[in-house]
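Below: one structure, written as structure tokens.
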Amino acid sequence: MEQSRKQFLKKFLIGAASAPVILQACKKDDLSGTSGSGSGSGSGSGSGTCTVAPTETAGPFPTITPSSLVRSDIRDDRTGVPLTMNITIKNTNNNCAVLAGAIVDVWHCDKDGYYSEYGGTAMQSVNYTGVHFLRGRQTTDANGLVSFTTIFPGWYSGRATHIHVHIYNSAGTSLKITQIAFPEGANNATVLVNASTANGYTKGMTGYTYNASDNIFSDDTAGVQLATISGSVSAGYVLTHIINVPG
């Protein structure tokens with residue numbers, strides 16, 4: 001199943017002329033900025049610049065009806081190491097001032113690497129078509145902030161740990177589809193969580209695809225997509241990230 005998923009992702013993301021829309025969605029915006037750090041719990045640097053977040057594909061598992069999932073706690077029945085996501089949206093058309101009233105959709109896989117709303121295929125053998133875990137929508141407050149209660153994502157073959165984000169303006173016009181990366185390094189959160197069998201993470205890091213080899217994050221040399229992660233396995237983690245969009 002994992003090999004099928006990896007092959008599908010490769011075709012989905014770099015497939016040929018038969019998918020021009022997908023190829024266009026995978027194009028990167030300007031990645032200029034300062035370099036980031038990936039040590040310890042980890043932090044990214046892209047949030048400290050006024051660089052537009054790279055545009056990424058929404059697939060292969062986008063939320064089917066995001067407007068029906070307005071909620072801040074997106075866990076449903078999924079278990080794992082707790083994660084609080086604090087995402088701030090800023091407007092590059094206004095000197096990166098915070099963007100209030102923006103609609104923010106997030107989604108990610110569970111600790112085993114599976115997505116809700118999909119399954120029963122070679123791409124994902126486990127059928128989760130009837131559930132909606134780890135998906136949600138919030139509107140930014142006066143500080144441009146949305147917060148979600150979730151679990152630390154697992155991983156699957158061919159991809160580093162990541163979170164999908166789709167941002168709209170208050171009128172519902174799409175501004176940006178992007179992804180959030182997790183820092184890497186010795187004893188960082190990603191390593192510690194995936195070693196936490198007590199919390200149900202069984203894969204460890206064997207076969208893991210690191211950011212430098214990930215087909216989405218490998219060209220993000222400025223660290224624009226890299227989040228800051230703080231906390232511990234026992235207490236849970238907090239993800240902090242700024243996404244700059246052309247508002």
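The values are calculated or read from the model by the stated rules, or taken from the named source; none is laboratory data. Everything numeric in this text was worked out from a predicted model, so none of it was measured. Positions of Cβ are generated from backbone atoms using ideal geometry, with glycine treated the same way; all protein chains shown enter the neighbour counts.
Matching residues to (1) among the acidic types (Asp, Glu); (2) surrounded by fewer than 21 Cβ atoms within 10 Å (Cβ to Cβ):
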residue: MET205; (1), (2): no, yes
residue: SER213; (1), (2): no, yes
residue: ASP219; (1), (2): yes, yes
residue: GLY223; (1), (2): no, no
residue: LEU226; (1), (2): no, no
residue: SER230; (1), (2): no, yes
residue: ALA235; (1), (2): no, yes
residue: VAL238; (1), (2): no, yes
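Among residues that are more than 14 Å from the chain's Cα centre (by Cα), at pLDDT below 95 and crowded, with 18+ Cβ neighbours inside 10 Å, ALA189 is not included.
Based on this model, can you work out whether THR79 counts as polar (S, T, N, Q) and part of a strand (DSSP E or B)? It is false that THR79 is polar (S, T, N, Q) and part of a strand (DSSP E or B).
With the requirement that a residue be among the hydrophobic types (A, V, I, L, M, F, W, C), under 21 Å from SER116 (Cα atoms) and either surrounded by 17 or more Cβ atoms within 10 Å (Cβ to Cβ) or in contact with a strand residue (DSSP E or B) (Cβ under 6 Å, 6 or more places away or on another chain) (or both), what does the range 61-102 give you?
PHE61, LEU69, VAL70, ILE74, VAL81, LEU83, MET85
Taking each residue of the range 215-238 that is touching a residue at least 24 places away in the same chain (Cβ under 8 Å) and looking for partners that are of a type in the set (Phe, Trp, Tyr) and not in a loop (DSSP other than H, G, I, E, B) with beta-carbon atoms closer than 8 Å, six or more apart or interchain, yields ILE229/TYR237; SER230/TYR237; GLY231/TYR237.
I'd like to know if the range 161-175 contains one or more residues that are more than 28 Å from GLY101 (Cβ to Cβ) and either in a loop (DSSP other than H, G, I, E, B) or β-branched (Val, Ile, Thr) (or both). Yes, the range 161-175 contains a residue that is more than 28 Å from GLY101 (Cβ to Cβ) and either in a loop (DSSP other than H, G, I, E, B) or β-branched (Val, Ile, Thr) (or both). Filtering the range 176-187 to residues that are of a type in the set (D, E, K, R) and part of a strand (DSSP E or B) leaves only LYS176.
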